[in-house]
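First up is the structure itself, then whatever we jot down about it.
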Amino acid sequence: MTERQSLNAWGQLPVVSDRVTAIAQDVVGYRRHAHRFPEVSWEEQETQRWIIRTLQSFGITDITAMAGTGVKAVVQGDRPGRTVLWRADIDALPVLEEVHAPYASERRGTMHACGHDSHIAVALGLARLVAAARAQMAGTVVFAFQPAEEVGGGARPMIAAGILDDPHVEEVFGFHADSSIPCGTIAASPGHFMAAPGSFELTIHGQGGHAGLPHRSVDPVVCAAYVLTTLQTVISRNLSPNKAGVLSIGQIQGGTRGNIIPDSVFIAGTVRAYEPETLKLLQLRFEQIVRGVTDAFGATFDLTYREGLPSVVNDEASTELVRALAARFLGEAAVLPDRTTMSDDFALFLQARPGCYFLLGVRNEEWGVIEPNHSPRWDLDERALILGVELGIRILESALAR
């Protein structure tokens, strides 16, 4: 970050309301505090305590520790009405940060490399505004500060503990910071919005030996190379051009020295698609290819395939609300129809209640804020935080007024 990346450097971004401007510097401070003190999934104890203290400073008293390291906060208006939920995930990643900034992580090897620090900051800003307006508010807002999104584990125990039931939540909202779209834009689409992920672990077994005598071995390294190459045809040749899917290899391990053919090679990766039938097709072709190639080389294999979360499926009416409000605030051209093959366990909230999960743009090419989510050089245009609070409070107030 440079000095020019301040709240005064609005450029062509829209002007926010006085109530949001009044807390803008504090919201940036919330994000920077969270970024300095990140904690990985299920270890967010200090983050939990800090969130609770901050919520209490807003005069919020209905606060519950939930799902181990999560937080539930309920703000009830003075008049009866609907109940809506805003969710923010709070965990960081085991990433060694390479961003040199005053707010860089103080916990070496742990970093908010996916923008969850911004999710926390916006949610705290919204809780502060909602708490200040409770005397005029009809209805109730539940804030879910959820742990362990990065491992796909935090939403389920929060829902099981009743965060949607006491009080009964009618609609759910949240966002994810995204560096692929510019600050000042959002992306939201009804229906399948984020992909359902699957993961796999594959071990190819050969017969180790001397690298100078390869004919006396079954080389799992060469076999693995053909498996990886052939697997890339699944998306291009087995999947309809009208569908979307991802098959990526993230890990490959094998061998100890250059003159030794190893006994085995380990491969791990992810498969993603929006529709369940597409995911099943990818899984079927995956196993067929691995079996065929290993048979051809005289090798064997062990394959473990794990289905993960469902797809994030946005409700049509809730998404239209978000898109309409964003268009009014940011402009029609700033509301994108994009969807993403990232995944998120907000999908479980959307299975239980109608709602909308959207992407909030944080990219700024002029300032060099271009790194993808999960990069050790991840950063964001902090003006997006203020736009997120402004859009968020409009969403909550409009949802309550339905």
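The values are calculated or read from the model by the stated rules, or taken from the named source; none is laboratory data. These numbers were taken from a predicted model, which means no experiment stands behind them. Don't worry about glycine lacking a Cβ; one is built from the backbone with ideal geometry, like all the others, and counts go over all protein chains shown.
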Please work out which residue is nearest to LEU279 (Cα to Cα), limiting yourself to region 340-387 and to residues that are small (Gly, Ala, Ser) and in contact (Cβ under 8 Å) with a residue 24 or more places away in the chain.
SER343
Restricting to strands (runs of 3 or more DSSP E) lying wholly in region 124-210: which have 1 or more residues that are within 23 Å of ARG328 (Cβ to Cβ) and out of contact with any His (no Cβ under 7 Å at 6 or more places or on another chain)?
138-146, 171-182, 191-194
Determine which single condition VAL246 fails, assuming it passes every other condition in (1) within 19 Å of the chain's Cα centre (by Cα); (2) surrounded by 19 or more Cβ atoms within 10 Å (Cβ to Cβ); (3) among the aliphatic types (A, V, I, L, M).
(2)
Which helices (runs of 4 or more DSSP H) sit wholly inside region 272-360 and have at least 1 residues that are surrounded by fewer than 21 Cβ atoms within 10 Å (Cβ to Cβ) and in the same structural domain as THR230 (by TED's automatic domain parsing)?
276-297
May I ask you to list the residues in region 337-380 that are touching a Pro at 6+ places or on another chain (Cβ under 7 Å), more than 25 Å from ARG36 (Cβ to Cβ) and of a type in the set (Gly, Ala, Ser)?
SER343, ALA347
Kindly check whether there is at least one residue in region 63-84 that is in contact (Cβ under 8 Å) with a residue 60 or more places away in the chain and closer than 20 Å to PRO376 by Cα.
no
Can you list residue pairs whose Cβ atoms sit under 6 Å apart, with the first residue in region 307-335 being without any contact (Cβ under 8 Å) to a residue 24 or more places away in the chain and the second being buried (at least 20 other Cβ atoms within 10 Å of the Cβ) and part of a strand (DSSP E or B)? Count only pairs 6 or more apart in sequence or on different chains.
ALA327/VAL335
For region 252-259, check the following and say yes or no: at least one residue is at pLDDT 95 or above, small (Gly, Ala, Ser) and closer than 26 Å to ALA155 by Cβ.
no
Has region 370-392 got at least one residue that is assigned by TED's automatic domain parsing to the domain that holds ARG156 and part of a strand (DSSP E or B)?
no
Go through (1) over 30 Å from the mean Cα position of the chain (by Cα); (2) closer than 30 Å to PHE349 by Cα and name the single condition LEU279 misses.
(1)
Screening ALA88, ALA104, ALA123, ALA113 for residues that are surrounded by fewer than 18 Cβ atoms within 10 Å (Cβ to Cβ) and modelled with pLDDT of 95 or more leaves only ALA104
Quick one: GLU43 ticks every box in (1) assigned by TED's automatic domain parsing to the domain that holds SER375; (2) buried (at least 16 other Cβ atoms within 10 Å of the Cβ); (3) in contact (Cβ under 8 Å) with a residue 60 or more places away in the chain; (4) in a loop (DSSP other than H, G, I, E, B) except a single one, so which number is it?
(3)
Single residue of region 393-402 satisfying the filter (of a type in the set (A, V, I, L, M) and in a helix (DSSP H, G or I)) that is surrounded by the fewest Cβ atoms within 10 Å (Cβ to Cβ):
LEU400
Residues within region 256-271 that are part of a strand (DSSP E or B) and touching a Ser or Thr at 6+ places or on another chain (Cβ under 8 Å), tallied:
9
Test ALA177 against the criterion of being small (Gly, Ala, Ser), at pLDDT 95 or above, out of contact with any Phe, Trp or Tyr (no Cβ under 8 Å at 6 or more places or on another chain) and surrounded by fewer than 17 Cβ atoms within 10 Å (Cβ to Cβ), and give yes or no.
no
Given the criteria in contact with a His (Cβ under 8 Å, 6 or more places away or on another chain) and touching a residue at least 12 places away in the same chain (Cβ under 8 Å), does PRO220 qualify?
yes
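For every residue, the table says whether it meets (1) of a type in the set (A, V, I, L, M); (2) assigned to a strand (DSSP E or B).
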residue	(1), (2)
VAL71	yes, yes
VAL75	yes, yes
ARG87	no, yes
GLU98	no, no
PRO102	no, no
GLU106	no, no
HIS119	no, no
